[in-house]
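Taking it in order: structure first as structure tokens, then the write-up.
The values are calculated or read from the model by the stated rules, or taken from the named source; none is laboratory data. All of these numbers come straight from a predicted model, not from anything done at the bench. FYI the Cβ positions are ideal-geometry reconstructions off the backbone, even for glycines, and counts take in every protein chain you see. Keep in mind that these areas ignore ligands, DNA and RNA; they rest on the heavy atoms of the full protein, side chains included. Shrake-Rupley method; radii C 1.70, N 1.55, O 1.52, S 1.80 Å.
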Amino acid sequence: MSGGLVHVVDDDEAVRRSLAMLLDSVNIRATTYPSAEALLAVAGAPEGLEAGCILLDVRMEGMDGLSLIEVLRRQGVTLPVVVVTGHADVPLAVRAMRVGAMDFVEKPYSEDRILEAVGAALTALRMADQRRALQIQAEAQVAALSPRETEVLAGLVAGKPNKVIGYELGISPRTVEVHRANLMEKLGVRSLPEVVRIGLAAGISPER
């Protein structure tokens with residue numbers, strides 16, 4: 001496991017330092033913050049938080065971890081969050097997961113457990129980035145279709161045969177075939193599964 005960035009939030013300097021060293025040992029960068037407020041100051045800056053995951057303690061002086069997650073989500077920050085909790089804090093950690101935390105690690109924790117949680121969070125971040133990139137590409141491809149081709153695409157995504165699509169749109173099955181061929185050419189695909197994949201990625205619902 002290597003690569004990525006972890007925003008470490010903990011009011012204990014020794015903990016911040018040890019976590020940063022642990023992450024550095026597996027080639028993961030760490031940026032540390034002594035409080036929730038310190039991270040929020042960066043998140044609220046024009047450049048915002050650099051992409052990565054957030055590793056934070058639930059109980060800290062000032063704003064606690066749960067409140068931090070709630071504020072971040074309200075601000076539109078969707079980075080994966082891993083919370084660290086003492087045994088007595090499990091109910092609070094569960095509440096944190098309900099407002100958007102991905103995982104929580106109980107104290108005392110092993111290095112392997114921390115690295116496992118961080119690795120899963122960074123993987124989730126990369127997958128989300130990939131899905132977003134595919135969505136943007138698919139939306140651009142679908143935007144190039146004519147209104148009628150988009151209607152035919154919606155029918156295909158819903159799994160309807162040409163005859164049913166034609167009946168619903170008031171056109172002949174042959175005309176549906178022509179639109180289908182044209183939209184496949186514009187999308188740059190050769191098979192129906194590829195058409196459906198792009199349609200779904202662009203947000204076209206099968207119930208449309």
Going through (1) out of contact with any strand residue (DSSP E or B) (no Cβ under 6 Å at 6 or more places or on another chain); (2) open to solvent by 30 Å² or more (accessible area, probe 1.4 Å) one by one, Ile204 fails only at (2)
Which condition does Met60 not pass, out of (1) out of contact with any Asp or Glu (no Cβ under 8 Å at 6 or more places or on another chain); (2) assigned to a loop (DSSP other than H, G, I, E, B); (3) open to solvent by less than 50 Å² (accessible area, probe 1.4 Å); (4) not charged (D, E, K, R), if it passes all the others? (1)
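If I ask for residues that are closer than 30 Å to Glu194 by Cα and in contact with a helix residue (DSSP H, G or I) (Cβ under 9 Å, 6 or more places away or on another chain), which ones from the stretch 86-135 would you list?
Once the filter is applied, which keeps residues that are closer than 30 Å to Glu194 by Cα and in contact with a helix residue (DSSP H, G or I) (Cβ under 9 Å, 6 or more places away or on another chain), the stretch 86-135 yields Arg131, Leu134, Gln135.
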Within the stretch 5-45, residues open to solvent by 40 Å² or more (accessible area, probe 1.4 Å) and either assigned to a loop (DSSP other than H, G, I, E, B) or in contact with a Pro (Cβ under 6 Å, 6 or more places away or on another chain) (or both) come out as Asp11, Asp12, Asn27, Pro34, Gly44
For the stretch 91-100, check the following and say yes or no: at least one residue is touching a residue at least 40 places away in the same chain (Cβ under 8 Å), surrounded by 15 or more Cβ atoms within 10 Å (Cβ to Cβ), closer than 22 Å to Glu111 by Cα and not aromatic (Phe, Trp, Tyr). no
Filter the stretch 46-56 down to residues that are open to solvent by less than 30 Å² (accessible area, probe 1.4 Å) and either part of a strand (DSSP E or B) or more than 15 Å from Leu125 (Cβ to Cβ) (or both), then give me how many there are. 4
Using beta carbons and a limit of 7 Å, which pairs, at least six apart or on different chains, have the first residue in the stretch 148-160 and outside any helix (DSSP H, G or I) and the second one open to solvent by 10 Å² or more (accessible area, probe 1.4 Å) and charged (D, E, K, R)? Ala158/Arg208
